[in-house]
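Sharing a structure here in structure tokens format.
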Amino acid sequence: MERYAITEESIGAPIKSSMEVNQVGETSDGIPVLMDKIDRSASYMNVMTSLCPELIRVPPYYDSDRDAIEAAFQTLPGIDPQNARIVQIENTLMLEEMNISQALIAEAQKTNYLSMLGAAEPMNFSAEGNLLSDF
């Protein structure tokens, strides 16, 4: 880190570094996604309550989809989750099918390029809190 001029003297604080990491997920190709150990709750608290999640320098990750969705709603004051305009996609390369929230159904029905494939239903989560979908 010294070659980048990052020293205890330059930043005025001790530098503690280790190679300890946690696996926080896996890519669709099976490649582990790793993160060094941090106190996520404390690190995210100020950013999420400031309503500016884009300011965080380490992309937030959560233990479950439910936790991530709840954190997202914390940044949207005045938005009732029951009336939120939500689109769930498998990934940005596969947009043929998507799940939309009840709040978007009327708008989707007005378009010529979308068609409804089923009735509205609530988001379904596994026991671990991860979304269950038909993708």
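Taking the condition touching a residue at least 24 places away in the same chain (Cβ under 8 Å), within 24 Å of residue 52 (Cα to Cα) and surrounded by 14 or more Cβ atoms within 10 Å (Cβ to Cβ), does residue 71 pass?
Spelling it out, residue 71 is indeed touching a residue at least 24 places away in the same chain (Cβ under 8 Å), within 24 Å of residue 52 (Cα to Cα) and surrounded by 14 or more Cβ atoms within 10 Å (Cβ to Cβ).
Scan the range 99-121 and give yes if some residue there is exposed (fewer than 12 other Cβ atoms within 10 Å of the Cβ) and assigned to a strand (DSSP E or B), otherwise no.
The answer is no, given that none of the residues of the range 99-121 is exposed (fewer than 12 other Cβ atoms within 10 Å of the Cβ) and assigned to a strand (DSSP E or B).
Among the numbered criteria (1) surrounded by 13 or more Cβ atoms within 10 Å (Cβ to Cβ); (2) modelled with pLDDT of 85 or more; (3) in contact with a strand residue (DSSP E or B) (Cβ under 8 Å, 6 or more places away or on another chain); (4) not aliphatic (A, V, I, L, M), which single criterion is violated by residue 61?
That leaves (2) as the condition not met.
Of these, 100, 86, which one is in contact with a Lys or Arg (Cβ under 9 Å, 6 or more places away or on another chain) and under 29 Å from residue 25 (Cβ atoms)?
100
Now for a separate question. What is the residue count in the range 98-135 for residues that are modelled with pLDDT under 90 and of a type in the set (Asp, Glu)?
Residues meeting the conditions: 2.
How many of the residues in the range 88-108 are over 15 Å from residue 118 (Cα atoms) and among the acidic types (Asp, Glu)?
Final tally of qualifying residues: 2.
The values are calculated or read from the model by the stated rules, or taken from the named source; none is laboratory data. These numbers were taken from a predicted model, which means no experiment stands behind them. For neighbour counting, all protein chains shown are included, and Cβ atoms are generated from backbone atoms with ideal geometry for every residue, glycine included.
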